[in-house]
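Report on one structure; see the data block that follows.
The values are calculated or read from the model by the stated rules, or taken from the named source; none is laboratory data. Being a predicted model, the structure only gives us computed values, none of them experimental. Counting neighbours? That spans all protein chains shown, and the Cβs are built from the backbone with ideal geometry, glycine included. For accessibility, only protein heavy atoms count, side chains too; no ligands or nucleic acids. Shrake-Rupley method; radii C 1.70, N 1.55, O 1.52, S 1.80 Å.
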Amino acid sequence: MINISNYMKKNKLSSFNGFLVAIITVIVVLTGCENNKNIITQITITTDSKDVKSASFRGKNKLWERSDRIFRDEDGIIFYQPEIATNNFFISNISSVGGTFYFYLEKGDHLQLNIRKNSLKIVGETRAANQNRLIKEIYKVRKTIYNKFLLNKNELNHVQSKELNKLYTQIDALVLKFMKNKKKYSKRFLSFVKLDNAYFRIKNDLKMPNYRLKTYHDFSKEEIVILNKCLSDSKNEDAILSLSYRQVLNAYIDYLRIHDPKSILVNGKDWLKNEATIAQYLPLGSTRTYVIANNLLRILYYNAKREKYLEVVKNNAGEWSSFILELAAAQKGKKGRKVYNAPVDYPKIEGLDPKGKIVSLSSLKGQWVYVDIWATWCGPCIFEIPYLKKMKQNLKDYNVAFVGISVDKEKDREKLLAMIKEKKLKGVQIHKPIINTVYSQFGIKGIPHFAIISPEGKLYLNKAPTPSTGISERLLKSLAGKR
């Protein structure tokens, strides 16, 4: 621990040009590093603004968590001491300044920043200062690319494509200039920057927005060659510090879950194990462990209480296992809403189809049934529709029936019928069931809710994986024979 008063005197941080100076010091203690147990990496932020009251930071150790929001104390000093043992790429937000800042910190780096008139400046000519100044310049160009080209969903014309390529070239030129003019820089940092820039472009070229999964995407042969590169690039231990790399990698993993070109996945009935097995497409390392943790996090909501799920997490999620297990233990229904935890063995639901005819689940005996409980007002339900339609198409030759059970209110029936027509929803569509009966018989705590019913009418798997994961398709193919 640093003596605060001595530190302030040594660095002359008690005042700044007559202004009250707020000092935000983020100290990262690197633990577990061989021969480097007490090396301290720190960021010091000085400002003449009384409005700058906190800073938030999120690095590799908090990929899925909320950022640590650090408030300054009465002396204007903040200590940030996460337990990390590797280099980190921090995404930071500073109150009253606006925007997002990115910092690459290596063991022992001391980075000093100054904020005046809502503008952030990196101070000094240290290795850390120069490296992070390059990042600041690169992200300024990226912001231009995003605002000018990526927000526009239309295809780029020739002139726009040419201008976009110039901006990519400008980023490359910034890196080359940095290498030429700066004698002190880390080879590991430079390797990370080049990889991050490459995948920023790949992500954009392959049209991969953050929220869109590529589970059923038909990548071209040329695109598959590019995507295969992200498997070999996983050997770079800093690869997962790059958001762009993670987006490309996750999209490819979604694709591999469906296609499995090397046939490494086991029987679809052991779908939880497969979420760890699929990571064998990558060489051993932290990126492989990240893929497993990311896969398991995506299906946590419906699996938090399953012993098999918890076992797979414990044995395969590595450094993230404790985080996932803590999330699983904390899973509860929404506050104020009745939670049904005891589904029945043989659900009995009936309602009206779009033509007003009474239909029931029992009439579908003899088939495997994939049940989708949804509503027109449910955003996550609507998100699953394209994946559900593709899944139906891929299973059209199998002994599987698809049933949609809407929990829309009776007054919204016309809205429901319009959406069924607009989205071209096929399969059996049931509306106007007794909603409390639906929720209690399937033990529902939120929608969309999916379930698989056996040909005997027994609830085989409640809280089944969503269509967008691709897991249920492989499972149903293992369960149901072809017609």
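Before moving on, here are some points about what is shown:
- Tallying residues that are open to solvent by 30 Å² or more (accessible area, probe 1.4 Å), more than 26 Å from the chain's Cα centre (by Cα) and aliphatic (A, V, I, L, M) within region 360-399 yields 0.
- Listed by first and then second residue, the pairs with beta-carbon distance under 6 Å, at least 6 apart or on different chains, first residue in region 364-387 and under 30 Å from Gly481 (Cβ atoms), second in a helix (DSSP H, G or I) and open to solvent by 10 Å² or more (accessible area, probe 1.4 Å), are Trp368/Leu479.
- Sole exception among (1) in contact with a His (Cβ under 8 Å, 6 or more places away or on another chain); (2) open to solvent by less than 50 Å² (accessible area, probe 1.4 Å) for Thr126, by number: (2)
- Of all the criteria given as (1) free of Cβ contacts under 8 Å to residues at least 24 places away in the same chain; (2) among the basic types (Lys, Arg); (3) part of a helix (DSSP H, G or I), the one not satisfied by Lys390 is (1).
So that you can scan it fast, the table gives a plain yes or no per residue for (1) open to solvent by less than 20 Å² (accessible area, probe 1.4 Å); (2) part of a helix (DSSP H, G or I); (3) over 22 Å from Val312 (Cα atoms):
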| residue | (1), (2), (3) |
| --- | --- |
| Glu222 | no, yes, yes |
| Ile226 | no, yes, yes |
| Ser244 | yes, yes, yes |
| Leu249 | yes, yes, no |
| Pro261 | no, no, yes |
| Val266 | no, no, no |
| Asp270 | no, yes, no |
| Glu275 | yes, yes, no |
| Val291 | yes, yes, no |
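- Only one of Tyr102, Tyr199 that is in contact (Cβ under 8 Å) with a residue 12 or more places away in the chain and touching a strand residue (DSSP E or B) at 6+ places or on another chain (Cβ under 9 Å): Tyr102
- Filtered residues of region 400-427 (kept if open to solvent by 50 Å² or more (accessible area, probe 1.4 Å) and either under 30 Å from the mean Cα position of the chain (by Cα) or on the phi > 0 side of the Ramachandran plot (or both)): Glu422, Lys423, Lys424, Gly427
- Hey, Lys194 under 23 Å from Asn152 (Cα atoms), without any contact (Cβ under 8 Å) to a residue 60 or more places away in the chain, in a helix (DSSP H, G or I) and of a type in the set (Lys, Arg) or not: no
- Checklist (1) farther than 20 Å from Asp238 by Cα; (2) in a helix (DSSP H, G or I); (3) open to solvent by less than 40 Å² (accessible area, probe 1.4 Å) applied to Thr215, failing item: (2)
- Lys203 being in a helix (DSSP H, G or I), modelled with pLDDT under 95 and of a type outside the set (Phe, Trp, Tyr): yes
- Only one entry in Gly443, Gly457 is small (Gly, Ala, Ser) and either in a strand (DSSP E or B) or within 18 Å of Val407 (Cβ to Cβ) (or both), namely Gly443.
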